[in-house]
1. Please go through the stretch 90-116 and give me each residue that is assigned to a loop (DSSP other than H, G, I, E, B), more than 25 Å from SER25 (Cβ to Cβ) and not hydroxyl-bearing (Ser, Thr, Tyr), ordered by number.
2. Among the numbered conditions (1) charged (D, E, K, R); (2) in a loop (DSSP other than H, G, I, E, B); (3) within 14 Å of the chain's Cα centre (by Cα); (4) farther than 19 Å from LYS81 by Cα, tell me where ARG39 comes up short.
3. Can you tell me which residue in the stretch 117-152 is surrounded by the most Cβ atoms within 10 Å (Cβ to Cβ), limited to those that are of a type in the set (A, V, I, L, M) and assigned to a helix (DSSP H, G or I)?
4. Take SER90 and decide whether it is farther than 28 Å from GLU150 by Cα and either in contact with a Pro (Cβ under 8 Å, 6 or more places away or on another chain) or β-branched (Val, Ile, Thr) (or both).
5. I need every pair where a residue in the stretch 50-66 that is at positive phi has its Cβ under 8 Å from the Cβ of a residue that is in a loop (DSSP other than H, G, I, E, B) and exposed (fewer than 14 other Cβ atoms within 10 Å of the Cβ), sequence separation at least 6 or different chains.
6. State which residue is modelled with the lowest pLDDT when the search covers only the stretch 58-87 and only residues that are within 20 Å of ALA148 (Cα to Cα) and more than 11 Å from the chain's Cα centre (by Cα).
7. Could you tell me which residue of the stretch 1-30 is surrounded by the most Cβ atoms within 10 Å (Cβ to Cβ), considering only residues that are farther than 17 Å from LEU89 by Cβ and small (Gly, Ala, Ser)?
8. Just give me the residues in the stretch 98-115 being among the aliphatic types (A, V, I, L, M) and crowded, with 21+ Cβ neighbours inside 10 Å, in sequence order.
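The values are calculated or read from the model by the stated rules, or taken from the named source; none is laboratory data. All figures in this text were calculated on a predicted structure; none of them were measured in a lab. Every residue, glycine among them, receives a Cβ derived from its backbone with ideal geometry; neighbour counts consider all protein chains shown.
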Amino acid sequence: MQLKAGDRAPAFHLADQSGHKQRLSHHKGRVVLLYFYPRADTPGCTTQACGLRDVAPRLAGVDIIGVSPDSPERLSRFDEKYGLGFTLLSDPDHEVAMRYGVWGEKKMYGKTRMGIVRSAFLIDEKGRIARAWYKISPKDTPLKLEEALEAR
C-alpha cells in the first residue's frame, strides 16, 4: 500500500547512527523529509545523501532523516565519511519500510529480490504526508524537496 498526501505518517522508533532511539513524534511541529535508501556508502545512496546535505543549509525548519536497513555503526561511518550532519536511522527488520510501502521486489541484473524501493516523504508539522515520491532517483530527491517547499 502506498501512502498519499493527507495520510498520517506512520510512527517509528528506530536507532540512529549514534545508537539513540528516535521517534517521528520527536519532530512534531517541524517539517520532515523522511527518505528511504537501500544501502549506505553505495554510489546512488551517496549521491542522494550528499545532495540533501548540500541543500540542507537552505532548508531552515526542515529535519532530514534517512532510513536504511544498515546497522547504526555503518550509518555512523557513512555520516562521518561524507559529513552529512542529519539523522540516519537503522531499520534492519524493514518494519518501518513496510509501513511506508517501500519494501518490495526489485530487479537487478536479471534477478528478483526484496529490498528498499528508494522513496521520499515530505511530512508536515502535524505529522501528515504532504508529498510522497516513490521510486525517486538519487539526484531528484533534493530537487523535488526544494520544489515542494517552494510550493507550500
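1. From the stretch 90-116, those assigned to a loop (DSSP other than H, G, I, E, B) are 91-94, 100-102, 109-110; that's our starting set.
Those left that are additionally more than 25 Å from SER25 (Cβ to Cβ): 109-110.
Correct list: GLY110 only.
2. (4)
3. As a first pass, look at the stretch 117-152 and keep what is of a type in the set (A, V, I, L, M): 117, 120, 122-123, 129-130, 132, 136, 143, 145, 148-149, 151.
Remaining after also requiring assigned to a helix (DSSP H, G or I): 143, 145, 148-149, 151.
On the way: LEU143: 13, LEU145: 25, ALA148: 16, LEU149: 18, ALA151: 8.
Only one residue fits best here, namely LEU145.
4. Values: farther than 28 Å from GLU150 by Cα: yes; either in contact with a Pro (Cβ under 8 Å, 6 or more places away or on another chain) or β-branched (Val, Ile, Thr) (or both): yes.
In short, yes.
5. Listed pairs, sorted by first residue: GLY61/ARG30.
6. The extreme case among them is ALA60.
7. The selected residue is ALA5.
8. If we filter the stretch 98-115 for residues that are among the aliphatic types (A, V, I, L, M), which is where we start, we get 98, 102, 108, 114.
Selection gives VAL102 alone.
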